[in-house]
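Here the structure is laid out as structure tokens; the discussion comes afterwards.
The values are calculated or read from the model by the stated rules, or taken from the named source; none is laboratory data. Keep in mind that this is a model prediction, so the values were computed, not measured. Heads up, the Cβs are rebuilt from the backbone with ideal geometry, glycines too, and the neighbour counts pull from every protein chain shown.
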Amino acid sequence: MKERSKNFTVHEQIQLCQAWLSVSLDSVVGNDQTASNFFGRVAEAFNSNSECTHRTGESLNIHWRDTINKQVACFASALKLSKSIVRSGYNNEQYLADAHEYYKAQKWNKKQASFRLMHCWEILKDQPKWMRESSDAAQPAATSSVTPTTALDTSQETRPLGAKRAKQQQKDALDHG
């Protein structure tokens, strides 16, 4: 039976988020890899930081899946709910404060624990996966039926470079460089 690893520190959670982003945004490899290969690459990136405890890909996968990804996704949903209720004079900090309260009140959160992964949220919030959850409600609906407005989606979600194009660009850079 394996011995349980030490709990992740805040610094290690930040490093895991950065390693996960680095590997997931690598357009050369893309999504043409198994989960174990993906988290093997995450482990390489994570363990390259000498300040962190050495962790296996399996350990990082479990912590990512069961803690960081789950809780950050739930917080993103709470923020989406917070922003869906239009409040005059509210700023982003007030919506975040409401999101913390909504997070505590979620059904699965039986202990009403606070969201303690803000350091992870700050790293991940601008990625498309979490932006969809939290920014869908950023544009309030029309509040008056007298003057209907048509909201046009002018924001283009930027897609990552495809694996073939990224490889071709790498090859071209080597040929011309």
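Evaluating GLN112 against the criteria (1) in a loop (DSSP other than H, G, I, E, B); (2) at negative phi leaves one unmet condition, (2). Contact map, region 88-113: residues that are closer than 16 Å to SER77 by Cα paired with residues that are outside any helix (DSSP H, G or I) and hydroxyl-bearing (Ser, Thr, Tyr), Cβ distance under 8 Å, separation 6+ or inter-chain. Pairs shown: HIS100/SER114; TYR103/SER114; LYS104/SER114. A Cβ distance below 7 Å, combined with a sequence gap of six or more or placement on separate chains, defines the contacts here; from region 44-67, residues that are on the phi > 0 side of the Ramachandran plot and buried (at least 19 other Cβ atoms within 10 Å of the Cβ) reach no residue that is part of a helix (DSSP H, G or I) and of a type outside the set (Gly, Ala, Ser). Enumerate the pairs (first residue in region 7-28 and touching a residue at least 24 places away in the same chain (Cβ under 8 Å); second residue anywhere and outside any helix (DSSP H, G or I) and of a type outside the set (Asp, Glu)) with beta-carbon separation below 6 Å, excluding pairs fewer than 6 apart on the same chain, so at least 6 apart or on different chains. If the second residue must be outside any helix (DSSP H, G or I) and of a type outside the set (Asp, Glu), the pairs left are GLU12/CYS52; GLN15/ASN49; GLN15/CYS52; SER27/PRO160; SER27/LEU161. Inspection of region 154-164 finds a residue satisfying the criterion of being among the hydrophobic types (A, V, I, L, M, F, W, C), surrounded by 11 or more Cβ atoms within 10 Å (Cβ to Cβ), within 24 Å of GLN18 (Cα to Cα) and at pLDDT below 80.
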